[in-house]
Amino acid sequence: MAAPKPEEISFPPMDQLQGLEYCIDSNPSWGEAIALGFQHYILALGTAVMIPSFLVPLMGGTDGDKVRVVQTLLFVEGINTLLQTLFGTRLPTVIGGSYAFMVPIISIIHDTSLMSIEDNHVRFLNTMRAVQGALIVASSIQIILGYSQMWAICSRFFSPLGMVPVVALVGFGLFDRGFPVVGRCVEIGIPMLILFIAFSQYLKNFLTKQLPILERFALLISITVIWAYAHLLTASGAYKHRPELTQLNCRTDKANLISSAPWIKIPYPLQWGAPTFDAGHAFGMMAAVLVSLIESTGAYKAASRLASATPPPAHVLSRGIGWQGIGILLNGLFGTLSGSTVSVENVGLLGSTRVGSRRVIQISAGFMIFFSILGKFGALFASIPFTIFAAVYCVLFGLVASVGLSFLQFTNMNSMRNLFIVGVALFLGLSVPEYFREYTAKALHGPAHTRGGWFNDFLNTIFFSSPTVALLVAVFLDNTLDYKDSARDRGMPWWVKFRTFKGDSRNEEFYTLPFNLNRFFPPS
C-alpha cells in the first residue's frame, strides 16, 4: 500500500469556517429571518429568567417583582443587542445578562445594613437601588477601557495560541449549567438533548421547499415538543407528590410568571427609585465588569468565526467593549439586577443553524423589546422549565468551546512550549474556579475571606471565571516564555494582518459603521 500524501492526512489552515449558509452580511428571506430571530429570543430567555428567579427571592421580592425584573432585563437586552450590532463590534451577538455579576450582587444582598430591614418589599427596593448604584459606577471601567482604546492596546498581546484556552473556556467553563441541571429532571432533559441533536445533526438534510427546516429550526421544534410533553406530565399529576425541588425543575406551572405579569408594562429608567452608591459595593462590582469584558472578548472571537467574518480588529473590539460599558450603565439605570455580556448560547446557535446573519440577531432584539412590554405573552414563553434550556446548552456551549480549539490550526502544536501553555491554561482555567465553587459551597464564603468585603468580592469574582483565569495564565506564559523566537509557532504571522482595520480588505465589509459614521470615527 502506497504511503499517504501529506495533503491526504493534513488540512491547511482556513480563515473562515466551511459549511456556513449565511455570513454576517448575507441574509435569509424575511420570513426565515423572523423565525430565526424568534428562535434566538427563545434561547435568550433561559438566562434572563434564571438570574432574577434566583436573586429576587433572596432580596425579599415577590413573584410580581421577579416578573418586572425579567421584563426589564429582556427590554434592556434588546436595546443593548441593537446598539452592539449597529455601532459596537457589529457582530451577530445577543447581549444578555451575565452570571459573572452574581458574586458581588449576592454580597450586596447579604450586606448587614440591608439584611436588617424587616419589611421585605422595602428591603427588595433598597437592595435593588444598591445594585443599581454599583453597576452604574462599575460600568465606567468598560467605557474607559473601550473608548480610550486601552483594550485595543492590551489585545495586541493576544495571539491565536493565547486565545485558544480563553475562547474554549467561554464554553467549557459553563459546564455546571449543562448536564448537572439536566439531571435535576432527566425525564424532560434527556429527551430534549436527544431530540435537539437528532434534528440539528442527523436529520439536517431533510428539506422542505429547499429549506433544511429541521436543522434550521431544531431549537424551536424540539422545545415545542418537549414543552408540550412536560405540560402533559404536569397536568396528569406525575409530580403531585414529588419533592419541591423536583417540582420546581420539572413542572410547567411553578414559575408563577404568567399570573404575576401585567398585560402591558414599559420599563423605564429609575423605576425602582434613585440608586444608592457605596464604594465597597462598586469596587466589588468592578471585578465582575472586568470578567464580563474578558468573557465577551472570547465570545466575540468565536462569533466572528461562526459568522464567517475575520477576527475583529483591535479598535473594533475596543469599540464593542465601550458600547458594552454603555449597556451596563443602562442595566444600572433600568434596574435589571445583572450586568451585560455576550450570550454564549446564542453564539453557539449561530453554528447550529449555520446562519451568522446580523439581521437575524437584530430581529431577535425586536422580539425582546416587544415581548418585554406585552407582559403576559412574554411570561408565557418565559415559563419554559430551565431544564429544557440546560439540555440545549450541552450542545451550544460545546460548540463555542470547539471554535476556540479551532484556533490551534494556526499554531505549531508539535512545540513543547505551546503544549505546555495550552495544557496548563486549560487545566487551571477549569480547576481554579472549581476549587472556589467547592470552597464556597462548604464554607458559605469564598476562599478570599478578609475583613475587607470589597477585596473579597473582587478576588472571588475574578477566580470564579474560567475564561478570566485562562487569560491570565495563557497570556502571561505566552508573552514571557521564549516569546522572542516563537512568533511563528504562536500563530502571529496569520494573526497580525487582522490587528488593524486596513490589514485585510474584508474588514471594511464586516465592521464599517452604518449611516456613513466612519467619516466621524475613522478606523485605525
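The values are calculated or read from the model by the stated rules, or taken from the named source; none is laboratory data. Quick caveat, the model's predicted, so the values are computed rather than measured. Reconstructed Cβ throughout: ideal geometry from the backbone, glycine too, with neighbour counts over all protein chains shown. Surface accessibility is based on the protein's heavy atoms, side chains included, excluding ligands, DNA and RNA. Shrake-Rupley method; radii C 1.70, N 1.55, O 1.52, S 1.80 Å.
Some points to look at:
- Estimated at 0.36 nm per residue, the fully extended path between residue 153 and residue 245 surpasses their Cα-Cα distance by 28.3 nm.
- In units of the compact-protein estimate 2.2 N^0.38 Å, segment 139-204 shows a Cα radius of gyration of 1.77.
- Scaled against 2.2 N^0.38 Å for its residue count N, the alpha carbon radius of gyration of the chain is 0.95.
- Each residue, residue 106 and residue 516, gets one label point 7 Å from its Cα in the Cβ direction; the gap between the two is 5.3 nm.
- Per residue Cα convex hull volume in Å³ - calculated over segment 37-144: 101
- The heavy atoms of residue 21 offer some 100 square angstrom of accessible surface to a 1.4 angstrom probe.
- Amide H contacts under 5 Å for residue 203, placed H, 5+ residues apart: none
- Net charge of neighbours whose Cβ lies under 13 Å from the Cβ of residue 138, counting Lys and Arg as +1 and Asp and Glu as -1: -2
- Under a model in which nothing but the beta-carbon of Lys, Arg (+1) and Asp, Glu (-1) is charged, the chain shows a dipole of about 500 debye around its Cα centre.
- Residue-span extension gain [residue 140 to residue 431] - 0.36 nm each, minus C-alpha spacing: 101.7 nm
- Using R0 = 30 Å, the C-beta based FRET efficiency linking residue 11 and residue 482 works out to 0.65.
- The accessible surface of the chain, taken with every protein chain in place and a 1.4 Å probe, is 66 percent carbon and sulfur.
- For the pair segment 391-410 / segment 40-103, the C-alpha centres are spaced 23 Å from each other.
- An ellipsoid equivalent to segment 288-442, defined through the eigenvalues of its Cα gyration tensor, has semi-axes of 30, 21, 18 Å when rounded to whole angstrom and sorted largest first.
- 3J(HN,Hα) along segment 321-338: 5, x, 5, 5, x, 4, x, 5, 4, 5, 4, x, 5, 7, x, 9, 6, 6 Hz, from the Karplus curve 6.51 cos²θ - 1.76 cosθ + 1.60 with θ = phi - 60°, whole Hz, x for Gly and Pro.
- For segment 297-303, backbone phi angles converted through the Karplus equation (6.51, -1.76, 1.60; θ = phi - 60°) give residue-by-residue couplings of 4, x, 5, 5, 4, 5, 5 Hz, Gly and Pro being listed as x.
- For segment 344-349, 3J(HN,Hα) computed residue by residue from phi via the Karplus equation (6.51, -1.76, 1.60; θ = phi - 60°) reads 5, 5, 6, 5, x, 5 Hz, glycine and proline entered as x.
- Between residue 274 and residue 117, the C-beta separation translates, for a Förster distance of 22 Å, into a calculated FRET efficiency of about 0.85.
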